[in-house]
Structures are given as C-alpha cells and as structure tokens.
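Report on one structure; see the data block that follows.
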Amino acid sequence: MGYYIEVERGVKLYVEDIGEGVPVLMVHGWPLDHRMYEYQAALLPAYGYRCIQVDLRGFGKSDRPWHGYDYDRLADDLLAVIQTLQLGHIRLIGFSMGGAVVTRYMSRHRGYGVNQLILIGAATPRFTPTSDFPYGTPVTEVDKLIKQAYTDRPQLVTSFGELLFANPVSQSFRDWLRDQGFAASVHSMACTLYSLRDSDLRPDLPCIHVPTWILHGKLDRVCPFPLAIQTQKGIPGSKLIPFERSGHGVFYEGRPEFNSTLLNILSPIYPGHN
C-alpha cells in the first residue's frame, strides 16, 4: 500500500509498503523514484521481507519543498520515516545518490535501527574528484548538468537514461525510467546535483559498523567502478561484489544475478526467516 509520512512540518514523503516480515528500506537514485525497485519489490515479499520504498523529497510522489536537499536533511528524512514506522532490524538499501544518502544516515544517526547495509552503484565516497581523490565525474561536467536542469530538463533526463546501461534494454523500459525523472521537480534535481558535486563522504565510511555489501557494475559510466573500490576500503569489513557485464543500472541490467545475490545477502542474518 502507499501512504505519506510527515518528515518535518509541511513536508511529507510518499512511501510504498509491500509485504510482511523483516523490513527492507529501499532508497532510489537520482533522478528516479521508488518505482526503480519494481523488480525487487515484486520478489522479496515472497521470501519474508517487508519492502518499504521511499520517494525522497522532491522526487516521485513526495512533496517538493524549496529547501532540504543536502545529505544531512535527506538522512534526517529517513530517520523520520524509520521512527514513524517504528522499524528495527532494518536492511537498508541505497542506489546511486540514494547510496550516498544512506551512508550519511549511517554516520549521522549512528545506524539507528539498521543491522545491514547494501550499497548499489553508490555515489560514494565522492561523486567528483579532488586533488587527493582522482575518481568520479569532473566538477565541470556536473556544472553542465545543473545548467541543463534549468534550461532543458527533458533532454537531461533522456541523456542520463542513456548512460544507465552497458547493454541494450527495450525502449519502453527507457521510457519508463525517463518518466520517473520527469516526475521530479527541476529544483530538487538541480539541488541534489549540488549535493552530489560537493559532498565528501569519506569521513562517514568508518562510522559504519554493520555488515555492508557493495554491489557495483564493472561497466558503470555514472559512478565508475573505482568508486566502489574506494568505498569498500573505507568501510571496515565490507564486501564488494562486482557485476562484470553490468553498467550503472545493475538492478535491472543484471536482474537474475542481481536478485539472486540480493536474496543471498539478505538471508544469512536471520536464517530460516522465510
């Protein structure tokens, strides 16, 4: 079922809540929404998981306030959802920018309620390079995206969709993802691009003390694979699982292998729950 949760006065997030059992809280990437997890939400409830998918503020069906698009506020929004639903023993999943948001959540809120973290094609530990971090997308390229958000957002969404996959997918599927991008507000898309450009999550990584898995396509053109290597190095005891033939959209492009891997990762902590 779908419903709204107020995360601060006058700001509500849309939540899809499917199934019963161990909660799996799923956070989408830029500029998508909860629908990107359709092929996981259709599977996990059959194995004893409660799939809770959140539209971040400004995206999907959530409210579109003028403020609050930095990672701290987005992480606080997740805390409000978790506390409102009284969730515990959470498996927290974040894709792309959502991976950055859940990483900040784990640091800022000390992993409250979470006992497992899964990062998928995550924009961590930085999305852009610096003098001491030679990985990621150049700042000038992100600046072009910000400018395009305000001048030709439909083309920005369409062009970004072409970067998601390393292998052919149907035009209908591309159109479906593009429609998710169109559902976001131009302001939220631009503001979160600033967050992607400027945020440094390297100090957050050592603060993560739950079992962590990093699932990343080797052919990723949005968050290049070296980001996954650096993320794995920064999170104590984390495990990196590469998908050799997948790009950024590994959740769909490598779907059979990805879903099987996801189930295997989820099951060991509570053996026999399904």
### Task
Have a look at the DSSP beta bridges in the chain and tell me what percent are antiparallel, nearest 5.
30
### Task
With a point put 7 Å past each Cα toward its Cβ, work out how far ASP17 is from TYR39 in nm, to one decimal.
2.8
### Query
How long is the gain from LEU79 to ASP179 if the chain were fully straight, where each residue apart is worth 0.36 nm and the alpha carbon distance is subtracted?
33.2 nm
#### Entry: Estimated 222 nm signal from helices in the chain, with DSSP H stretches of n ≥ 4 weighted -39500 (n - 2.57), rounded to 500
-11500 deg cm²/dmol
### Query
Can you give the Kirkwood hydrodynamic radius for the chain, in Å, rounded to one decimal and based on Cα pairs?
18.3
### Query
What does the charge dipole of the chain about its Cα centre add up to, to the nearest 20 debye, if the Cβ of each Lys and Arg holds +1 and the Cβ of each Asp and Glu holds -1?
280
## Note on the structure
The correct pair for segment 1-141, radius of gyration to one decimal and Dmax as a whole number, both in Å and from Cα atoms, is 14.9, 47
### Message
Over segment 149-274, what portion of Cα pair distances is larger than 18 Å, expressed as a whole percent?
### Response
64
### Query
Amide H of SER62: which non-local residues (sequence gap of 5 or more, or other chain) have their own amide H closer than 5 Å, using H built in the peptide plane?
TYR14
#### Entry: Segment SER172-ARG64, length gained on full extension (0.36 nm per residue, minus Cα span)
36.2 nm
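May I ask you to give the percent of accessible area on the chain that is carbon plus sulfur, with a probe radius of 1.4 Å?
52
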### Query
Among ASN167, ASN259, ASN115, whose mean-square fluctuation peaks in a Gaussian network model of the chain (Cα, cutoff 10 Å)?
ASN167
### Query
Within the P(r) computed for segment 62-216, what percentage of the Cα pairs occupies the region above 26 Å?
31
### Query
Amide H of PHE243: which non-local residues (sequence gap of 5 or more, or other chain) have their own amide H closer than 5 Å, using H built in the peptide plane?
HIS216, GLY217, LYS218
### Task
Starting from one equal scatterer on each C-alpha and no solvent at all, send me the Debye-based log10 I(q)/I(0) for segment 172-220 at q = 0.19 Å⁻¹, two decimals.
-0.98
### Summary
The extension gain from GLU141 to GLU162, computed as 0.36 nm times the residue separation minus the Cα-Cα distance, is 6.0 nm
## Note on the structure
Given a 1.4 Å probe, the accessible area of the chain per residue, as a whole number of Å², is 40
### Message
Counting just the Cα atoms, what span does segment 104-169 cover along each of its three principal axes? Round to the nearest Å and put the largest first.
### Response
40, 35, 25
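The values are calculated or read from the model by the stated rules, or taken from the named source; none is laboratory data. What you see is a predicted model; the values in this text were computed from it and never measured. All Cβ positions, glycine included, derive from the backbone under ideal geometry; neighbour counts span all protein chains shown. Accessible surface is based on the protein model in full, side chains and every heavy atom, while ligands, DNA and RNA are left aside. Shrake-Rupley method; radii C 1.70, N 1.55, O 1.52, S 1.80 Å.
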